[in-house]
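Visitor: Quick one: this structure, given as C-alpha cells, is what I'll be asking you about.
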Amino acid sequence: MNITPLVAGNWKMHKTPSDGKSFVSEAINLLLDIEYISVIFSPPFTGLFDMDVSPPFFKAAQNCHWQDLGAFTGEISVPMVKDCGASYVILGHSERRHIFGEMDREINRKVHAVLNGGLKPILCIGETLEDRKAQKTADVLRKQLIEGLSNLTSVNNIIIAYEPVWAIGTGITAEEDQIKSAHTIIREILFGNFKDIDSLPIIYGGSVKSSNAGTLIQIDGVNGFLIGSGSLDLTSFISIVNCVEQYQMRK
Ligand code: PGA
C-alpha cells in the first residue's frame, strides 16, 4: 500500500494570525512544485481561520474538545475548527499530556469526535526518558495506542505520530534504530487490533531539523514528520519539506 508522506509543522504557541498568514503564503510560494507529499500547517486556533491553503497544503488544529458545543470555557470544538478549514487535529501531544494533564481516555473521546466530524486525528504517542530507561517503551506505546484508539474498528483517516518525549524540543533526535524499532512496535500492536493498518501513516517527531530530515525520512516505516521548532523558520521548514518530497519522488 502506498502511503502519502506527511510533513506537519506544529507551531505550538507561536505566531500571531498575521505572522502565520504571511508565513504560509510565502511557504506555499516556495513549494509550488510539491506533488508527492502532504504539507500541514498547525497554527494556534487564532491563526486557523484566515489562512488560505489548498491541497497538497492543509491546516491542522493543535487540540479540540470532544463535545460539539456547550459550557466549556476556553475550549474549541471540532465543528469550529472544521469551519475554519482545518482538515486535521493534533491530539494527545506530549505537552497536552504532561503540562495539561490529558489522559488517554479524554484523548480517545477527542479521536472519536474528530473522526465523527469528518476530520483526521494525528494521534501523538511516545515514551518519557524514564520509561525508556526502565525498558517500558513498548508498554507505554501499547497503552497509549489501545486506549487512545479504543472502540474503533478501523484506522482509516488516522495518523499516528511517534514522538519520544525526551526528543521533543531538546535538540536530541532519537537514534535511527530507536525510531525504526518504535515504528515497528506500533505497527505490530495495531496489527493485532485493526485489519487496515497497511494504509496507516506513522510519522516521527522530536527535534527534526533540516540537517537530519534527509536521514530520518529513509528509516523504514517513517511516513513523514511532525515538526515543532524546525517548522517556525521558513528556510528550515522549506528545506525539510523538500527533503521529504525529493525522497518520495525518487522512490
Ligand atoms: P520539536 O517538537 O520538533 O521542537 O522537537 C516536536 C513536537 O512537539 O511535535
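The values are calculated or read from the model by the stated rules, or taken from the named source; none is laboratory data. Everything quoted here is computed from the prediction, not taken from an experiment. Glycine also receives a Cβ, built like all others from the backbone with ideal geometry; neighbour counts cover every protein chain displayed. Accessible surface is based on the protein model in full, side chains and every heavy atom, while ligands, DNA and RNA are left aside. Shrake-Rupley method; radii C 1.70, N 1.55, O 1.52, S 1.80 Å.
Visitor: Go through Tyr36, Ile189, Ile203 and say which Cα lies farthest out towards the positive end of the charge dipole of the chain; charges sit on Cβ, +1 for Lys and Arg, -1 for Asp and Glu.
Guide: Result: Ile189, furthest along the dipole toward the positive end.
Visitor: Can you put Asp104, Asp52 in order of accessible area, largest first, using a 1.4 Å probe?
Guide: Numbers: Asp104 15, Asp52 125 Å².
The most accessible residue leads, giving Asp52, Asp104.
Visitor: Now for a separate question. What would the Debye equation give as log₁₀ I(q)/I(0) for the chain at q = 0.15 Å⁻¹, counting only Cα atoms as equal point scatterers?
Guide: One equal scatterer on each Cα of the chain leads to -1.04.
Visitor: In whole Å, largest first, what are the principal axis extents of the Cα atoms in the range 1-110?
Guide: Rounded to whole Å, the extents work out to 43, 38, 24 Å.
Visitor: For the range 160-199, take the convex hull of the Cα atoms, compute a quarter of its surface area, and give me that in nm², please.
Guide: Values: hull surface 12.8 nm².
If you wrap the Cα atoms of the range 160-199 in a convex hull and average its projections, you get 3.2 nm².
Visitor: Write down, largest first, the equivalent ellipsoid semi-axes of the range 96-168 in whole Å, where each equals the square root of 5 times an eigenvalue of the alpha-carbon gyration tensor.
Guide: On the way: eigenvalues 103, 30, 23 Å².
Result for the range 96-168: semi-axes of 23, 12, 11 Å.
Visitor: Would you work out which of Ser87, Ala8, Ile76 lies farthest towards the positive end of the dipole of the chain, given +1 charges on the beta-carbon of Lys and Arg and -1 on that of Asp and Glu, about the Cα centre?
Guide: After comparing all options, I get Ile76.
Visitor: Would you mind computing Rg(Cα) / (2.2 N^0.38 Å) for the range 67-201, counting N as its residues? Could you put the intermediate results ahead of the total?
Guide: On the way: Rg = 15.2 Å, N = 135, 2.2 N^0.38 = 14.2 Å.
Ratio of Cα Rg to 2.2 N^0.38 Å: 1.07.
Visitor: In the chain, how many lysine pairs have Cα atoms under 20 Å apart, counting only pairs 8 or more places apart or on different chains?
Guide: So the count works out to 25.
Visitor: Further question: Can you tell me the dipole magnitude for the range 1-138 around its Cα centre, using point charges on the Cβ only (Lys, Arg +1; Asp, Glu -1), in Debye to the nearest 20? Let's see the in-between values first.
Guide: Details: 14 positive and 16 negative charges, 75 e Å.
Value, rounded to 20: 360 debye.
Visitor: Got a sec? What order do Thr73, Thr4 fall in by accessible area at 1.4 Å, biggest, i.e. largest, first? If you can, show how the numbers build up before the last one.
Guide: Values: Thr73 145, Thr4 75 Å².
Largest accessible area first, the list is Thr73, Thr4.
Visitor: Rounded to a whole number, what is D in µm²/s for the range 212-251 from Stokes-Einstein with the Kirkwood radius over alpha-carbon pairs (4 °C, 1.567 mPa s)?
Guide: Values: Rh = 10.4 Å.
Estimated diffusion coefficient is 125 µm²/s.
Visitor: In debye, nearest 20: dipole of the range 102-251 around its Cα centre with unit charges on the Cβ of K, R (+) and D, E (-)?
Guide: Computed about the Cα centre, the dipole is about 240 debye.
Visitor: Which value, in debye to the nearest 20, gives the size of the charge dipole of the chain about its Cα centre, when Lys and Arg are +1 and Asp and Glu are -1 at the Cβ?
Guide: Details: 22 positive and 28 negative charges, 55 e Å.
Value, rounded to 20: 260 debye.
Visitor: What shape does the range 129-251 have by the C-alpha gyration tensor, where a ≥ b ≥ c are the square roots of the eigenvalues, rounded means a/c under 1.5, and otherwise prolate means a/b greater than b/c and oblate the rest?
Guide: Values: a/c = 2.00, a/b = 1.37, b/c = 1.46.
Here the range 129-251 falls in the oblate category.
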